[in-house]
1. Can you find a residue that is within 28 Å of Pro124 (Cβ to Cβ), in contact with a helix residue (DSSP H, G or I) (Cβ under 6 Å, 6 or more places away or on another chain) and buried (at least 16 other Cβ atoms within 10 Å of the Cβ) anywhere in segment 95-104?
2. For segment 144-161, how many residues are surrounded by 11 or more Cβ atoms within 10 Å (Cβ to Cβ) and either within 24 Å of Asp28 (Cβ to Cβ) or of a type in the set (Gly, Ala, Ser) (or both)?
3. Quickly run through segment 61-82 and pick out the residues that are of a type in the set (D, E, K, R) and free of Cβ contacts under 8 Å to residues at least 24 places away in the same chain.
4. Looking at segment 129-137, is at least one residue surrounded by fewer than 17 Cβ atoms within 10 Å (Cβ to Cβ), farther than 25 Å from Cys90 by Cα and without any contact (Cβ under 8 Å) to a residue 60 or more places away in the chain?
5. When segment 9-55 is examined, which residues are found to be exposed (fewer than 13 other Cβ atoms within 10 Å of the Cβ) and under 13 Å from the mean Cα position of the chain (by Cα)?
6. Just one of Gly101, Gly96 is among the small types (Gly, Ala, Ser), touching a residue at least 12 places away in the same chain (Cβ under 8 Å), under 26 Å from Ser148 (Cα atoms) and assigned to a helix (DSSP H, G or I); which is it?
7. For segment 105-122, how many residues are surrounded by fewer than 18 Cβ atoms within 10 Å (Cβ to Cβ), part of a loop (DSSP other than H, G, I, E, B) and in contact with a strand residue (DSSP E or B) (Cβ under 6 Å, 6 or more places away or on another chain)?
8. Going through segment 39-52 one residue at a time, which ones are more than 16 Å from Gly76 (Cα to Cα) and at pLDDT 95 or above?
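The values are calculated or read from the model by the stated rules, or taken from the named source; none is laboratory data. The structure presented is a predicted model; accordingly, all values stated were derived computationally and were not measured. Backbone-built Cβ (ideal geometry, glycine too); neighbour counts: all protein chains shown.
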Amino acid sequence: MTAVARLRPMVTADLADVLALERELFPDDPWTAEMFAEEVVQPPGSRLYLVAEAAAANDGRPEMAGYAGMMFAPGGGQADVLTIAVAPGCWGRGIGSALLGALLRAARDHDCGEVFLEVREDNPRARGLYLRRGFEEIGVRRGYYQPSGVDAIVMRKDLLR
């Protein structure tokens, strides 16, 4: 399915919309404004943050459909998906897949041979996306998400295959 969103780099001006979506989707353990502000200004060689904008709303302003972030390990070879979020009203439109695809292309462009991520054990939608895109479940981090105490499933994708 083709995404009905435009992907672009996240900028500081996006943070209000990003934080609103973050709190909606992850009410128990959202990233803070400080965390996002610090991440979005990291050097391009170490981080990539993207925003997905849906078609313009009635007021002509694009709607925040989702966002994603990745960290590239110093020295190369490995990348970590830090976050992917899609607005509930945009679920099922391929936006999460488009964001993940863009992150994986960036990892390849940074000569990474593998990508890791953690996903909430109680998030079957995200787990399904990652499995469809070739990630394998390789471990569990008990009580990783705080304060909820939900386990994280650790996943890995080999980019060299």
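1. Yes, some residue in segment 95-104 is within 28 Å of Pro124 (Cβ to Cβ), in contact with a helix residue (DSSP H, G or I) (Cβ under 6 Å, 6 or more places away or on another chain) and buried (at least 16 other Cβ atoms within 10 Å of the Cβ).
2. Quick first cut of segment 144-161, residues surrounded by 11 or more Cβ atoms within 10 Å (Cβ to Cβ) only: 144-145, 148-159.
Subset that is either within 24 Å of Asp28 (Cβ to Cβ) or of a type in the set (Gly, Ala, Ser) (or both): 144-145, 148-155.
The total comes to 10.
3. Residues of segment 61-82 that are of a type in the set (D, E, K, R), as a first pass: 61, 63, 80.
The answer is Arg61, and nothing else.
4. We begin by selecting, within segment 129-137, every residue surrounded by fewer than 17 Cβ atoms within 10 Å (Cβ to Cβ); these are 131-134, 136-137.
From the residues that got through so far, the ones that are farther than 25 Å from Cys90 by Cα too are 136-137.
Narrowing further to those that are without any contact (Cβ under 8 Å) to a residue 60 or more places away in the chain: 136-137.
Within segment 129-137, one or more residues are surrounded by fewer than 17 Cβ atoms within 10 Å (Cβ to Cβ), farther than 25 Å from Cys90 by Cα and without any contact (Cβ under 8 Å) to a residue 60 or more places away in the chain.
5. Pro9
6. Only one candidate passes the filter, namely Gly96.
7. Summing the residues that are surrounded by fewer than 18 Cβ atoms within 10 Å (Cβ to Cβ), part of a loop (DSSP other than H, G, I, E, B) and in contact with a strand residue (DSSP E or B) (Cβ under 6 Å, 6 or more places away or on another chain) in segment 105-122 gives 2.
8. Answer for segment 39-52, where residues must be more than 16 Å from Gly76 (Cα to Cα) and at pLDDT 95 or above: Tyr49, Leu50, Val51, Ala52.
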